Amino acid sequence: MSNDLLWLVVGLQLIMGASDTILHHEFTERLAWQPSARRELQLHAARNLIYALLFAGFAFGEPFGICASIAMAFILAEVLITLWDFVEEDLSRKLPATERVLHTLLALNYGAILALLMPVLYNNSLQPTAYAPVNYGLGSYALLGASLGVLFFGVRDYLAAMRASHLGRPDPAELAAKLRKHQHILITGATGFIGSRLTRALLANGHNITVLTRDPKKAAQLGTPIKIIQSLNEIEDHAAMDAIINLAGEPLSTGLWTKAKREKIIQSRLTVLEEINTLCTRLYVPPKTIITASAIGWYGLRGDEKLDETSDAKPSLNQKPVFTHEVCRAVEAKADELNQFGCRIVKLRIGLVLGTEGGMLANLLVPFEYGLGGPIGSGRQWMSWIDLDDVIRLIIHSLSTPKLNGPVNAVAPTPVTNRAFAKALGKALHRPSALPLPAMPLRLALGDFAEELLLGGQRVHPVKAEQSGFKFRSPTIEAALQAAIPIKADRQVRKGSSQNAHENIICENHHGPVN
């Protein structure tokens, strides 16, 4: 281990490996919260344990004889596990480009490590068995630190793999059980956070689903039978379409709101609605119902005001236009043009959707699980949220309730402040949640994005949904987090079931917004 080149490539490997683990495994891919990543997490745990033993063994000693042979066996085992991991990754998920590039660099660099290290270990294995103490100065302490680091992530991956079997939501079939009459439904945005769960629920109930998508391979994973199209022109004029559910659009919560990004956010939504308009123009029989996604951003930034579907909009704040309102206003105005075909138009003003599969909650799980979560800014801003499965049920309810039309708030009946949300999430994860995120750095770094999505808010109530007979299964933030985040202990599960039953009784007796 005295070779300077070997130390260089080992150092590079440690830096790239740590970057891959933290950037991809923890934050962008959130493997610890993906049910499909169970096997991958098991492989990572085993590999990290081997790394921990090797790093610790090489930090202050050099192996000879049988000790060197054992080290070579560990390295061979690690290579086999890594190859297995490559196969598992390709089977279970689509790797982002940055992770593929980093994996390639790691593989090449690891090849250099093996070329330099294995001859040394082989020659050492021919000598009498010994473990000779050495001291590489900072290098020894760097290896010891790396050993502790991979041991930490190995334990985390092992525990996450055990938890993976508890992750994931129940079979989606019952979410769409209310829609008993067989229907042909066109869904745009079907591969997204909400759309994928909705599509699976409808497919499970035997409905005829057509999906408009730019990614046919991803759409094919939603289930069968399903018709996948990449353009609405593929739908024939005589097609019998009962309903259209439009969930497509460039996400607001990813990337900075540059001028190009803002334009893409608006145009992506308007283009799809314009294409739906064109489709309805040429269909012999237009669909009876069109449901399109809007958002509670339509109301603007309203502080503590209690809002429902009859409330007006506040398009500006301090004489500055509110971008989220502009997006929603444009979307709803374009949707209203579809009234000319005699369709029933439902404009779902969706709040913050809670689920570990995507959205805001998924992004908060890792920092909160590490004890780094807390309120954002003052923590007094209101968060109008809704559980993922309640969104799906509300969409199905909208399809099957002819009297429901126009704007419908897709939010739970109990909005909470950001501070209360942080406290509830910390409690659900059994972690502290007192580390605040100051407002000023957010404003400086993210501008209007931070002002509208992180520091601003709306206190919205689902009056039309409740008046039409819709019952929320997760009416409180505690119930929603309990549904989204698994609890392993049997005692806690029994307690949770009892609490859910109690909350469902409360929900059944709840007839309007909290005053």
Suppose we filter segment 423-445 for residues that are surrounded by fewer than 19 Cβ atoms within 10 Å (Cβ to Cβ) and touching a Phe, Trp or Tyr at 6+ places or on another chain (Cβ under 8 Å); how many remain? 2
Name the residue, out of ARG269, ARG214, ARG262, that is touching a Phe, Trp or Tyr at 6+ places or on another chain (Cβ under 8 Å) and either touching a residue at least 12 places away in the same chain (Cβ under 8 Å) or surrounded by 12 or more Cβ atoms within 10 Å (Cβ to Cβ) (or both). ARG262
Conditions first: (1) part of a helix (DSSP H, G or I); (2) modelled with pLDDT under 95. GLU78 passes all but one, so which condition is the exception? (2)
Considering only segment 236-243, I want to know if a residue exists there that is free of Cβ contacts under 8 Å to residues at least 40 places away in the same chain and surrounded by 17 or more Cβ atoms within 10 Å (Cβ to Cβ). no
Members of segment 3-40 found to be touching a residue at least 40 places away in the same chain (Cβ under 8 Å), surrounded by fewer than 16 Cβ atoms within 10 Å (Cβ to Cβ) and within 19 Å of TYR370 (Cβ to Cβ), listed by number: ALA18, SER19, LEU23, PHE27, THR28
Would you point out which residue out of ALA201, ALA164, ALA173 is crowded, with 19+ Cβ neighbours inside 10 Å, modelled with pLDDT under 95 and out of contact with any strand residue (DSSP E or B) (no Cβ under 7 Å at 6 or more places or on another chain)? ALA164
Every residue from segment 157-194 that is basic (Lys, Arg) and over 20 Å from the mean Cα position of the chain (by Cα): LYS178, ARG180, LYS181
I need the full set of residues from segment 406-433 which are assigned to a helix (DSSP H, G or I) and either basic (Lys, Arg) or closer than 24 Å to LEU167 by Cα (or both), in order please. ARG419, PHE421, ALA422, LYS423, ALA424, LEU425, GLY426, LYS427, ALA428, LEU429
Please pick out the residue among PHE60, PHE55 that is closer than 19 Å to TYR110 by Cα, of a type in the set (Phe, Trp, Tyr), over 26 Å from the mean Cα position of the chain (by Cα) and in the same structural domain as LEU121 (by TED's automatic domain parsing). PHE55
Here the residues within segment 304-318 that are in contact with a Lys or Arg (Cβ under 8 Å, 6 or more places away or on another chain) and either touching a residue at least 24 places away in the same chain (Cβ under 8 Å) or assigned to a strand (DSSP E or B) (or both) are ASP304, GLU305, LYS306, LEU307, ASP308, GLU309
If you go through segment 346-388 one residue at a time, how many are under 26 Å from LEU247 (Cβ atoms) and charged (D, E, K, R)? 4
Report, by residue number, each residue of segment 329-351 that is without any contact (Cβ under 8 Å) to a residue 40 or more places away in the chain and among the aliphatic types (A, V, I, L, M). ALA333
If I filter segment 160-179 for residues that are touching a Gly at 6+ places or on another chain (Cβ under 8 Å) and either farther than 28 Å from GLY358 by Cα or free of Cβ contacts under 8 Å to residues at least 40 places away in the same chain (or both), do I get at least one hit? no
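For every residue, the table says whether it meets (1) of a type in the set (A, V, I, L, M); (2) assigned by TED's automatic domain parsing to the domain that holds ILE376; (3) closer than 18 Å to GLY351 by Cα.
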residue	(1), (2), (3)
PRO407	no, yes, yes
THR414	no, yes, yes
ARG431	no, yes, no
LEU455	yes, yes, yes
GLN458	no, yes, yes
GLU466	no, yes, yes
Taking the stated definitions as given, is LYS403 touching a residue at least 24 places away in the same chain (Cβ under 8 Å), under 23 Å from ALA177 (Cα atoms) and not in a strand (DSSP E or B)? yes
THR188: in contact with a helix residue (DSSP H, G or I) (Cβ under 6 Å, 6 or more places away or on another chain), modelled with pLDDT of 95 or more and within 30 Å of ILE392 (Cα to Cα), yes or no? yes
Filter segment 221-235 down to residues that are surrounded by 15 or more Cβ atoms within 10 Å (Cβ to Cβ) and among the β-branched types (Val, Ile, Thr) and give me whichever is farthest from GLN267 (Cα to Cα). ILE226
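The values are calculated or read from the model by the stated rules, or taken from the named source; none is laboratory data. Every value quoted in this text rests on a predicted model; they were computed, and no experiment measured them. Quick reminder, even Gly has a Cβ in these numbers, built from the backbone with ideal geometry, and neighbours come from all protein chains shown.
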